[in-house]
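Since the structure comes first, as structure tokens, the remarks are kept for the end.
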Amino acid sequence: MTSATSATLAVDAPRASAWRRLLMRSEALRGYLLLSPTLLVMLGIMVIPMIGMVVLSFWTQLAGNTFDNAFTLKNYADAFTRDMYRILFVRSLGISLLTTFFTVLLAYPVAYYVAFHVKRHKMVWIILMTLPFWTSYLLRVFAWKIILGYNGAINSGLLSLGMISEPLTVLLYNPSAVVITLTHAWAAFAILPIYVSLEKIDRSLLEAATDLGDGPVARFFRVVLPLSLPGIIAASVLIFIPTVGDYVTPSLVGGTEGYMISNAIQFQFARGNNWPLGAALALSSMVIVTVIVMTYVVVVRRLTARIG
Amino acid sequence: MTDAFISLRGITKAFGAFKAVDDVNLDIARGEFFSLLGPSGCGKTTLLRMIAGFETPTEGDVVIDGVSMSAVPPHRRPTNMVFQSYAIFPHLDVAQNVAYGLRRDKLDKAEVAGRVGEALAMVKLSGYESRRSNELSGGQRQRVALARALIKRPKVLLLDEPLGALDRKLREEMQLELRTLQRSVGITFVFVTHDQEEALTMSDRVAVMSQGKPIQVASPRDLYERPNSVEVADFIGKMNFLPCRRLNGSGEAGEVEADGLGRVPVVNGAECPDVATLVVAVRPEKLSLHADEPAGALKIRCRMQNTAYLGDRSHYVVSVDGLERALAVSAQNADPEAARQLAGGASLWLSWAPDALIALPAER
């Protein structure tokens with residue numbers, strides 16, 4: 001224990017902890033370190049392929065699996081000018097908007113019931129909501145095929161009741177079959193965020209509204225609905241984004257009328273053998289969805305800021 | 001009370017086997033500042049919520065201004081409430097919050113703005129119209145809640161521990177303000193609190209509640225000076241209790257035989273029920289300490305055990321021969337030299353006025 005040793009220690013100690021101090025000071029650095037495994041995976045399977053897609057969308061397909069890598073905008077021109085793609089874009093957006101609308105509409109009462117009227121065993125209810133996810137997505141779609149099909153549950157039921165003389169063909173292989181199937185498949189994604197936002201509402205706010213003269217209906221529209229809006233926004237975005245690009249459901253229950261943009265994209269990467277066009281369609285669809293979602297969120301926020 | 005404005009008739013609220021409120025009969029006068037005081041779980045908030053209509057009595061009826069409320073839903077009652085948590089709508093600004101209850105009245109915009117301005121001025125929040133609840137302090141939120149309830153011009157304003165969340169200084173300020181406000185608007189206030197000082201400061205009358213029942217309903221002065229039970233005496237302020245025995249159950253102002261004090265007069269001996277065991281209750285500030293033997297008959301020798309200096313006053317603990325428990329005495333420090341002398345003196349005298357001792361049935 002000489003004074004020299006302690007002096008060395010005193011000098012060394014801060015140097016050894018320089019990293020630690022940097023880590024302690026920089027909130028951002030710590031955050032990135034925590035995220036790093038995820039970031040690496042995202043980089044590998046999302047960002048790099050995405051860049052590949054962007055590059056590919058400006059090339060031209062040649063015979064076989066070779067590409068002319070001269071820059072061209074032709075793929076985008078095709079995607080936005082050909083009638084078929086325009087129809088498919090509009091139809092995909094329409095189907096997924098309807099799906100979003102109906103899912104939120106049907107999910108809201110369920111979420112409301114669990115949030116406000118279930119007193120005990122809420123956890124059981126929440127687990128029950130996820131019940132559809134216990135089977136595969138594909139099986140759920142097939143189940144709807146059985147329900148809506150020519151010899152399906154609805155048709156045989158109506159036949160045996162004598163309400164129809166021959167099976168209805170309007171049930172399956174059209175856009176409404178796609179909407180019905182998607183609405184059912186995505187229900188839990190709407191119920192959960194809405195439930196969470198309803199659950200968070202301070203019950204004394206409801207009593208305050210009642211106390212100030214609101215009946216149940218007025219109270220719902222003036223307090224409950226505006227305060228559950230974050231949940232509704234989350235639910236709509238969560239459903240709208242993936243359903244626009246849904247591929248399995250339209251190909252199984254949509255028929256030709258229910259053909260969506262993702263089916264066209266898949267076609268270009270497979271039998272159509274025009275990868276650059278497929279890439280351009282995929283990226284266009286992505287940009288359109290992004291723009292719509294951002295507009296939606298901004299507009300809803302603006303609107304709610306003004307509700308009185 | 002003949003002119004009962006709010007009349008609670010045989011109100012009982014049972015949650016299963018537990019009776020939160022047990023057969024309460026209370027009359028509250030028009031324009032009165034009435035407090036329900038009691039420890040948590042005594043049923044005061046449940047009682048208030050039954051007046052508001054958020055809870056339905058298991059039995060009994062609430063009558064406001066001659067109208068039975070049993071079939072009136074909460075949103076149609078002539079009552080408004082200031083909630084303990086204030087319940088300010090987070091998606092609305094201050095002006096929208098205050099105007100919330102006016103929608104039903106179908107007023108035009110200018111009139112709504114006028115009433116909102118008036119209400120905000122009343123609670124001294126003018127200029128805060130466009131703030132949101134998360135931009136307000138606790139005291140300001142409380143004022144918004146108050147303005148929002150008062151703008152409806154209710155017959156009765158119900159307040160559920162509205163000052164509980166405020167710090168001490170702000171609370172004392174708001175107590176005075178609430179009192180002044182209540183006087184100026186003339187609305188009947190029913191105020192729930194567990195803070196006895198708050199209840200005494202503001203109320204015309206206080207109902208001290210315990211286990212679902214009011215055990216004494218009286219003015220703050222009577223509650224403090226003439227508690228009707230050990231429970232009330234103990235809950236309101238500080239009190240010394242001494243075991244004693246009844247000497248004459250005859251009728252005149254009584255005398256009792258108290259441990260350590262001997263035969264002493266008590267003010268309400270006659271009112272005391274004819275039970276064998278009584279206690280004598282005396283407030284610490286009604287006992288006075290002297291270094292030398294004072295004049296008068298009501299006095300006794302005592303020894304100093306403990307002193308606490310509080311600035312404006314001092315608290316002493318003295319023991320008296322024949323008395324198991326020491327007595328608390330409180331005295332103003334008007335003469336610091338005398339106070340120092342008392343604190344240092346080992347052998348002292350204790351004296352009291354003839355009306356200082358109260359006899360109560362020993363029930364606990």
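The values are calculated or read from the model by the stated rules, or taken from the named source; none is laboratory data. These numbers come from a predicted model, not from an experiment. When we count neighbours, we look across all protein chains shown, and the Cβ atoms used for this are built from the backbone with ideal geometry, even at glycine.
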Top-ranked residue of region B:198-212 - restricted to ones that are within 23 Å of B:Tyr86 (Cα to Cα) and of a type in the set (Ser, Thr, Tyr), ranked as surrounded by the fewest Cβ atoms within 10 Å (Cβ to Cβ): B:Thr201
Output for region A:249-308, where each listed residue is within 14 Å of another protein chain (Cβ to nearest Cβ), farther than 23 Å from A:Leu238 by Cα and part of a helix (DSSP H, G or I): A:Arg306
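Please go through region A:44-73 and pick out each residue that is aromatic (Phe, Trp, Tyr) and either within 20 Å of A:Gly272 (Cβ to Cβ) or under 30 Å from the mean Cα position of the chain (by Cα) (or both).
Of all residues in region A:44-73, those aromatic (Phe, Trp, Tyr) come to A:58-59, A:67, A:71.
Within region A:44-73, A:Phe58, A:Trp59, A:Phe67 meet the criteria.
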Answer residue from region B:310-357, given it is among the acidic types (Asp, Glu) and under 19 Å from B:Arg283 (Cα atoms) and is surrounded by the fewest Cβ atoms within 10 Å (Cβ to Cβ) among those: B:Asp312
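Go through region B:337-360 residue by residue and tally those that are over 20 Å from B:Lys299 (Cβ atoms) and touching a strand residue (DSSP E or B) at 6+ places or on another chain (Cβ under 6 Å).
So in region B:337-360, the residues over 20 Å from B:Lys299 (Cβ atoms) come out as B:337, B:340, B:344, B:360.
Okay, now just the ones that are also touching a strand residue (DSSP E or B) at 6+ places or on another chain (Cβ under 6 Å), so B:360.
Residues flagged as over 20 Å from B:Lys299 (Cβ atoms) and touching a strand residue (DSSP E or B) at 6+ places or on another chain (Cβ under 6 Å) within region B:337-360 amount to 1.
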Selected residue [free of Cβ contacts under 8 Å to residues at least 40 places away in the same chain and in contact with a Leu (Cβ under 8 Å, 6 or more places away or on another chain)] from A:Ile288, A:Ile292, A:Ile265, A:Ile261: A:Ile265
Residue satisfying all of: in region A:238-247; buried (at least 18 other Cβ atoms within 10 Å of the Cβ) and out of contact with any Phe, Trp or Tyr (no Cβ under 7 Å at 6 or more places or on another chain); farthest from the other protein chains (Cβ to nearest Cβ) among these: A:Asp246
Some residue of region B:185-197 being within 20 Å of B:Thr46 (Cβ to Cβ) and surrounded by fewer than 18 Cβ atoms within 10 Å (Cβ to Cβ): yes
Any chance A:Val104 is surrounded by fewer than 19 Cβ atoms within 10 Å (Cβ to Cβ), aliphatic (A, V, I, L, M) and in a helix (DSSP H, G or I): no
From the options A:Leu198, A:Leu192, A:Leu229, A:Leu205, residue that is within 11 Å of chain B (Cβ to nearest Cβ), closer than 21 Å to A:Val104 by Cβ and of a type outside the set (Gly, Ala, Ser): A:Leu229
Test: residue in region A:118-127 that is in a helix (DSSP H, G or I) and within 30 Å of A:Ser251 (Cβ to Cβ): no
Selected residue [more than 14 Å from chain B (Cβ to nearest Cβ), out of contact with any Cys (no Cβ under 9 Å at 6 or more places or on another chain) and surrounded by 17 or more Cβ atoms within 10 Å (Cβ to Cβ)] from A:Thr210, A:Thr169, A:Thr183: A:Thr183
Any hit, region A:114-124, residues being modelled with pLDDT of 90 or more and crowded, with 16+ Cβ neighbours inside 10 Å: yes
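Of all residues in region B:94-139, count the ones that are aliphatic (A, V, I, L, M) and under 30 Å from the mean Cα position of the chain (by Cα). Even if it seems obvious, please write down each step before you answer.
From region B:94-139, those aliphatic (A, V, I, L, M) are B:94-95, B:98-99, B:102, B:107, B:110, B:112-113, B:116, B:119-123, B:125, B:136; that's our starting set.
Among the residues that remain, those that are also under 30 Å from the mean Cα position of the chain (by Cα) are: B:98, B:119-123, B:125, B:136.
Count: 8.
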